[in-house]
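Student: Take a look at this one; I'll ask things after.
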Amino acid sequence: MDMIQEVKNLIDQYNIWLADKTRLRQINDTIEITTPYLDRHNDYLQIYVQKENGGYLLTDESYIITDLIQSGCNLQSKKRRELLTTTLNGFGVRLDKDNLITKATANNFHLKKHNLLQAMLAINDMFYLSYPVVASLFLEDVTDWAKLKEIRYITNVKFTGGSGYDHVFDFVIPHSRAYPDRFIRAISRPTRETAESYAWAWVDTKECRPESKAFAFLNDMDAEFSASVSTALQSYDITPVCWTERESYVESLSN
């Protein structure tokens, strides 16, 4: 089996899994969509759809923001507010009071639904910033380190994968004579779920950019994480970079 067919099979399997695990329920004039994606409580994420002006309004009905606030995460601090805004903008999602919302048409509904779910997962991860031991954002730490090592990069870059879905990468390092384009995500809470989410984004993107390489910066300063995280990433040809071992990768990222 050639590589193109292998990747196509992976994408087809993902889409079948997603369809099989999605459940719909009507509540008055709203459709509740229960997805197979899990939040930090291991509850299935749900989004809600209403018809609006010939299109559709998709929202989480304030679940993510309310849960973060109730868990003690202060979203009013400057850094967290900037991260919230940047993250939502990257997925084309906006905040209406405490609701994460996006609008869709019949033609782009699947893309908008995908982007809203990815935004919910990303913002859900911000809960871990409420711990006092986290003095600064992990993404900011990675950015500062890259600047210190004079690594040239572009931040917050969106690519459309072979499936048509959009994927956002924290950094892209342009190709050089020695190395191809390098895609990077900074994962502040390395878990099997966050690893697989990145793996799916990379597999889908790599179909369109086969010569590129992927790296995942993993925060191992605040808590240990399972070896299965690195194994999952490596199985999809993503290089895991533990933050405490980052100096070993300067040469492959700076040239």
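Student: In degrees, nearest 10, range 0 to 90: what is the angle between the Cα axis of helix 109-124 and the longest Cα principal axis of the chain?
Tutor: Once rounded, one gets 70 degrees.
Student: Given the convex hull over the Cα atoms of region 208-255, what projected area results after averaging over all orientations, in nm²? Show your work: numbers first, answer last.
Tutor: Values: hull surface 16.2 nm².
Average projection, Cα convex hull of region 208-255: 4.0 nm².
Student: Too long at a 21 Å Cα-Cα cut-off: which of Lys21/Lys206; Lys8/Lys213; Lys21/Lys113; Lys51/Lys113?
Tutor: On the way: Lys21/Lys206 25 Å; Lys8/Lys213 18 Å; Lys21/Lys113 15 Å; Lys51/Lys113 14 Å.
Going by Cα-Cα distance, Lys21/Lys206 fall outside the 21 Å limit.
Student: Please identify, among Ser226, Ser197, Ser62, the residue showing maximal mean-square fluctuation in a Gaussian network model of the chain using a 10 angstrom Cα cutoff.
Tutor: In the Gaussian network model the winner is Ser226.
Student: Could you give the dipole magnitude of the chain about its Cα centre, charging the beta-carbon of Lys and Arg +1 and that of Asp and Glu -1, in debye to the nearest 20? Before the final figure, lay out each step's value.
Tutor: Values: 28 positive and 35 negative charges, 123 e Å.
That gives a dipole near 600 debye.
Student: While we're on this one: With unit charges on the beta carbon (Lys/Arg positive, Asp/Glu negative), name the residue among Ala146, Phe217, Pro190 whose Cα is farthest towards the positive pole of the charge dipole of region 138-254.
Tutor: Towards the positive end, the residue furthest out is Ala146.
Student: Still on this model: What whole-number volume per residue, in cubic angstrom, does the convex hull of the C-alpha atoms of region 138-254 give?
Tutor: Looking at region 138-254, the number lands at 94 Å³ per residue.
Student: Pop out the Kirkwood hydrodynamic radius of region 1-150 from its pairwise C-alpha distances, inverse of mean 1/r, in Å to one decimal.
Tutor: On the way: mean 1/r = 0.0578 Å⁻¹.
One over the average 1/r among Cα pairs gives 17.3 Å for region 1-150.
Student: Still on this structure, please answer the following. Please list, in order along region 181-192, the HN-Hα scalar couplings obtained from phi with the Karplus expression 6.51 cos²θ - 1.76 cosθ + 1.60 (θ = phi - 60°), rounded to whole Hz, x for Gly and Pro.
Tutor: So the Karplus estimates, Gly and Pro as x, are 4, 10, 9, 9, 10, 9, 9, 6, 10, x, 9, 4 Hz.
Student: Let me ask something else. How far is helix 78-91 tilted, in degrees, relative to the longest principal axis of the Cα atoms in the chain, given as a value from 0 to 90 rounded to the nearest 10?
Tutor: So the helix axis and the longest Cα principal axis differ by about 80 degrees.
Student: A further question on this structure: Considering only DSSP beta bridges where both residues belong to the chain, give the percentage that are antiparallel (nearest 5). Spell out each step's value before the answer.
Tutor: Details: 31 of 42 bridges.
In the chain, approximately 75 percent of DSSP beta bridges are antiparallel ones.
Student: Mean 1/r over all different Cα pairs, inverted: what Kirkwood radius does the chain give, in Å?
Tutor: Details: mean 1/r = 0.0518 Å⁻¹.
That comes to 19.3 Å for the chain.
Student: Cut-off under 18 Å on the C-alpha distance; same-chain residues fewer than 8 positions from Lys147 excluded. Which lysines are left, in chain and number order?
Tutor: none
Student: Can you work out the Karplus-derived ³J(HN,Hα) for every residue in region 94-107? Use 6.51 cos²θ - 1.76 cosθ + 1.60 with θ = phi - 60°, whole Hz, and x for glycine or proline.
Tutor: These are the phi-based 3J(HN,Hα) values: 10, 9, 10, 6, 10, 8, 8, 9, 8, 10, 9, 10, 4, 6 Hz.
Student: With θ set to phi - 60°, apply the Karplus curve 6.51 cos²θ - 1.76 cosθ + 1.60 along region 19-32 and write out the HN-Hα couplings as whole Hz, x wherever there is a Gly or Pro.
Tutor: 5, 5, 9, 9, 10, 10, 8, 8, 10, 6, 9, 10, 9, 8
Every number in this text was worked out from the coordinates using simple rules, so none of it is lab data. Given the structure is predicted, the values throughout are model-derived calculations rather than measurements. We place every Cβ from the backbone using ideal geometry, glycine too, and count neighbours over all the protein chains shown.
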